Amino acid sequence: MDIFPEMKKFCRLREFFTVFLWYIIGMVSIDLSLYILFQLPEDIFEEPSAIVNYFNYGISVEKKLRRQIGPTIESTSLLARAGWINNNIDNKQKNANTSDKLQSITFYGMSFTNKIAEAFKKISPNFSVRKISGPGAPPNHSYFAFSKDIKANQSDIFVFGILASSVEGMMSMTGATIGFEGAAAYTYPIYRWKHNELEVTFPIISNLDDLRKSLTNDQLWIAWEDQLESNDSYYCPFLFKKNILDSSVIFRLIRRAWSKHKINKIRDSILSADGFDEKSNTIVTLKMLVKSFSSKAIKNGKLPIVLLHNNRGYHNHLFLALKSLLETNDIPYVSSHEIAPPEDPNSYGADNYHFKNEIDDKMAHKILEIIHSRYKTKFHADRGLIEEVEHFRLNQLDNKNITYTTTFLTSRIKVKCKESLYIT
Amino acid sequence: MVYILYVLLPHHKQNRMLLLASYVFYSAWDWRFLSLIFISTVVDYHTAHAIEKNNQATKRRLYLLLSISTNLGLLGFFKYYGFFSESLAHLFFMFGVQIDNVTLNIVLPVGISFYTFQTMSYTIDIYNRKLKPADNFLDFALFVAFFPQLVAGPIERAKNLLPQIYNSRNLTLDQTFRGIYLILWGLFKKVVIADGLATAVNTVYNTPGTVSSVDVLLATVYFSLQIYCDFSGYSDIARGVSKLLGFELIINFKVPYFSDSPSEFWRRWHISLSEWLRDYLYIPIGGNRHGVFKTFRNLMLTMTLGGLWHGAAWNFIFWGIYHGLLLSFYRIIASLFKKSVQANFNFFKLMLPVRVLVFFTFTCFGWLLFRANSIEQILSFTNKLIFFEGFQTIIIPQPPFATIIGLIFLIFLDFFEYLTGNDKFYNRFYPPIRGYLYASIVFVLIMGMSNAPEKFIYFAF
């Protein structure tokens, strides 16, 4: 018997297993070294470096929330505190009622909308500007905030900000699932257009205190997870539940890759190269939210404005999806694609994500133009002074067909008129 | 599942199963285009037999013409109809004549450029009496449709692949380990590097707005790395999968960016295509056998058609012409400086890194022509590179962290392969070093999995 081929095979197998063993040792030592070197800081208020963040993005959502949320509000991270609708509205209403500004405008949305709100504040010092937003908040968050806010809100103008990349977030109930890497704890209801009406499912956890309680109450936590599993398309036990493998850097990277795969899949279910799928329930629901926002605002004698942020990767698909609804129903809107080409990198600022400040300024001016063309400023006699020259053209006054132009003179003139008219 | 079934089946049934798997694999893209592969298979199988049976030169030539015209006809219609009809309409328009070009919105079948060339090489080899035709139609069908290399090469020669189909295959441990390594390395190049660089490249090349000279320079270098990693990555995966099945495909890339001349580049880049063009186009039309002018003509024609093979657009033609010019001028310069080089051979050898760097620069400019979206962009970007304005970037984003690490690995491993001339150089490393090397590759691959996925570039051909 020729034993040499057999010996050769045995040597090759031995070599294979030796190398394989060293491969396992290599993987374990890389994992361990990176775990030790790039741990998140103990202090949740200390901003970790980019590389520390990189190796910790893939920690489970539950572990992230438990780290962020302390026993008191002071020991809870800013991210975990952000976006909760009830808290935000109560605080803003208190501030709005004490404002001495002539007019009030409220922006509902996310960071893109906030930046425009800030730009608007600069160009219109007459206005008291309120912002109710959440990190990466989808339209259902903004709509719910508006519908909760409208009765007590004394604002004259409501702005509903919609970000193209957050439309797919309408299939979620919490910022913790849509933004896996930086899980924001806030929640919001999910809307679906069913049987010709907006069906709404409210989250069982609607404020930070409830979420804090659930971290020590297993029953509540399980109920919350069950609700997410039934309603939130972004929920995935592999990404959500904490386990021992949270300590493995390799496993975190796999989890992060899986989250990206999941997000892409959800996005592809409503978006293709040709645009948003207008037959999808998400887009139909979005249209109904916009329509409902507009009609509720008008019913309460307010001016609704829709703000469309067509951001990178989405061309002008958001505008095209909502265009016919906005124009048919004469809903005033400002769309970023008319000012900033979405796919032109020069439209974006240093963070390569938000639009440049100049673009925000232009959008704010467009909002002001809409206000001027649609709304006669309300003056409170006892507040007195007007500080800028404005021209107003009012085209129609209900059924009276009166057209007139009024010029209001500059400061130091007390105006006696007390009524405001919202012209549709 | 295919692999488990494959290992358990006897040889003939393995071939049938592979054929079925190949058709299922292709039909996952678009089942309608299976018909085109089938047409090419049937026509070439029968024309090959007809050529073999006939001794009359005219008839043999006619059958060869039938095979070539069928394959080129399929390729021409599905790939080039739109381009030629638009170009013709544009040409007439320049002379003030408006013609209605009929646009058919033809979908390009995946891999058509590869399998048509593969089957043409078969019938041409039969005609040249270098090969006997396949006896079994189904074996020949497997040669045409073999799934690992069907959609993006390498373009296999019948004399290499057909015997492996006929004969039973022994799956060795070495083949298996090497196959797994090639698949991993191919995935690494594609996922970590090619996909990671794609965003930066697309940002610059697809922007309607302003770009800086540094943006153009970086994007062009990134693209040269992207296309190399994308294409060679796919080839590695194809070779790796084939090895697991007991097949040896030809090596398609041999660290091409360490070339110091155009002729060396084309011996290292997309080797299966360059050898195909050399054997079936350049040499038959005369090669370098009929003087300087005809050599120049033959090089230009071969490289221009080689550029056109890549795509139905003028920038691919310009890229081909550019490489034709590089090859032609290099020949002239090499012959002029031959004596000087021989006299100062050691110095010339020492200057190798400089020569490699210089030639890489020329290669990168070629990739600018290849990647540009329009002639206007070619002119604009070339202008920015020649009249370099400032050293700041405007829009190009930094590649992902995993990609930067991946590039270090790529340069290190490719450099070792170049130095040793052996693509299995790592087998000489001690087991701990090899183990850590594999662990690092897998770890960086996992890091790169969170890059946004892009389609393989060469699937578009």
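The values are calculated or read from the model by the stated rules, or taken from the named source; none is laboratory data. As the structure is a computational prediction, the values presented were derived from the model and not from experiment. Cβ atoms come from the backbone with ideal geometry, glycine included; neighbour counts cover every protein chain shown. When the accessible area is computed, the model is the full protein with side chains, heavy atoms only, and any ligands, DNA or RNA have been set aside. Shrake-Rupley method; radii C 1.70, N 1.55, O 1.52, S 1.80 Å.
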Task: Every residue from segment A:258-270 that is within 14 Å of chain B (Cβ to nearest Cβ) and either open to solvent by 10 Å² or more (accessible area, probe 1.4 Å) or on the phi > 0 side of the Ramachandran plot (or both) - done: A:W258, A:K260, A:H261, A:K262, A:I263, A:N264, A:K265, A:R267, A:D268
Task: Condition check for A:F251: of a type outside the set (D, E) and open to solvent by less than 70 Å² (accessible area, probe 1.4 Å) - done: yes
- [ ] Taking the options A:S147, A:S206, name whichever one is among the hydroxyl-bearing types (S, T, Y), more than 14 Å from the chain's Cα centre (by Cα) and in a loop (DSSP other than H, G, I, E, B).
- [x] A:S206
- [ ] Go through B:A200, B:A238, B:A194 for me and flag whichever is outside any loop (DSSP other than H, G, I, E, B) and farther than 22 Å from B:I411 by Cβ.
- [x] B:A238
Open item on the list: Give me the residue from segment B:363-386 that is in contact (Cβ under 8 Å) with a residue 60 or more places away in the chain and open to solvent by 70 Å² or more (accessible area, probe 1.4 Å) and, out of that set, nearest to B:A219 (Cα to Cα).
Closed with: B:N373
Task: Tally of residues being among the hydrophobic types (A, V, I, L, M, F, W, C) and not in a helix (DSSP H, G or I) across segment B:148-191 - done: 4
TODO: Kindly indicate which of A:Y404, A:Y375, A:Y348, A:Y314 is under 18 Å from A:K287 (Cα atoms), modelled with pLDDT under 95 and either of a type in the set (F, W, Y) or open to solvent by less than 60 Å² (accessible area, probe 1.4 Å) (or both).
DONE: A:Y314
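The rows are residues; the columns are (1) modelled with pLDDT of 95 or more; (2) part of a helix (DSSP H, G or I).
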site	(1), (2)
A:S33	yes, yes
A:D43	no, no
A:I51	no, yes
A:E62	yes, yes
A:E74	no, no
A:A80	no, yes
A:N91	no, yes
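Okay, residues lined up against (1) without any contact (Cβ under 8 Å) to a residue 40 or more places away in the chain; (2) more than 23 Å from the chain's Cα centre (by Cα); (3) crowded, with 19+ Cβ neighbours inside 10 Å:
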| residue | (1), (2), (3) |
| --- | --- |
| B:M17 | yes, yes, no |
| B:L20 | yes, yes, no |
| B:W29 | no, no, no |
| B:S35 | yes, yes, no |
| B:T41 | no, no, yes |
| B:I51 | no, yes, yes |
Open item on the list: If I filter segment B:207-231 down to residues being closer than 19 Å to B:G186 by Cβ and among the polar types (S, T, N, Q), which single residue comes out as farthest from the other protein chains (Cβ to nearest Cβ)?
Closed with: B:S224
Task: Contacts under 7 angstrom Cβ, first residue in segment B:426-442 being more than 7 Å from chain A (Cβ to nearest Cβ), partner part of a loop (DSSP other than H, G, I, E, B), 6 or more apart - done: B:L437/B:F429
Open item on the list: Every residue in segment B:394-429 that is open to solvent by less than 70 Å² (accessible area, probe 1.4 Å), part of a loop (DSSP other than H, G, I, E, B) and farther than 25 Å from A:E15 by Cβ, please.
Closed with: B:I395, B:I396, B:P397, B:P399, B:P400
- [ ] Filter segment B:160-206 for residues that are farther than 30 Å from B:I441 by Cα, open to solvent by 20 Å² or more (accessible area, probe 1.4 Å) and either within 11 Å of chain A (Cβ to nearest Cβ) or touching a helix residue (DSSP H, G or I) at 6+ places or on another chain (Cβ under 7 Å) (or both) and give the result.
- [x] B:Y166, B:S168, B:N206
TODO: Could you list all residues from segment A:332-360 that are touching a Gly at 6+ places or on another chain (Cβ under 8 Å), within 14 Å of another protein chain (Cβ to nearest Cβ) and in a helix (DSSP H, G or I)?
DONE: A:P345, A:N346, A:S347
Task: Residues satisfying the stated conditions in segment B:213-227, i.e. hydroxyl-bearing (S, T, Y) and open to solvent by 10 Å² or more (accessible area, probe 1.4 Å) - done: B:Y222
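Is it the case that some residue within segment A:201-213 is closer than 16 Å to A:G169 by Cα and surrounded by fewer than 20 Cβ atoms within 10 Å (Cβ to Cβ)?
yes
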Open item on the list: Anything in segment B:110-135 that is without any contact (Cβ under 8 Å) to a residue 40 or more places away in the chain and over 21 Å from B:E248 (Cα atoms)? List them, or say none.
Closed with: B:N128, B:R129, B:D135
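Listed here are the residues, each with its yes/no results for (1) within 30 Å of A:N357 (Cβ to Cβ); (2) of a type outside the set (S, T, Y).
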residue: A:F238; (1), (2): no, yes
residue: A:S247; (1), (2): no, no
residue: A:L253; (1), (2): no, yes
residue: A:A257; (1), (2): no, yes
residue: A:D268; (1), (2): no, yes
residue: A:A273; (1), (2): no, yes
residue: A:S292; (1), (2): no, no
residue: A:G301; (1), (2): no, yes
residue: A:L320; (1), (2): yes, yes
Task: Tally, over segment A:1-45, of residues that are more than 13 Å from chain B (Cβ to nearest Cβ), under 47 Å from the mean Cα position of the chain (by Cα), surrounded by 10 or more Cβ atoms within 10 Å (Cβ to Cβ) and free of Cβ contacts under 8 Å to residues at least 24 places away in the same chain - done: 3
Task: Matching residues in segment B:248-300 - criterion: being surrounded by 20 or more Cβ atoms within 10 Å (Cβ to Cβ), outside any loop (DSSP other than H, G, I, E, B) and of a type in the set (F, W, Y) - done: B:Y257, B:F265, B:W266, B:W276, B:Y282
Task: Residues (of a type in the set (D, E) and at positive phi) located in segment A:285-334 - done: A:D330
Task: Close pairs (8 angstrom Cβ cut-off, 6 or more residues apart or separate chains): within 11 Å of chain B (Cβ to nearest Cβ) in segment A:236-253, open to solvent by 50 Å² or more (accessible area, probe 1.4 Å) and not in a helix (DSSP H, G or I) anywhere - done: A:R252/A:Y57; A:L253/B:M449
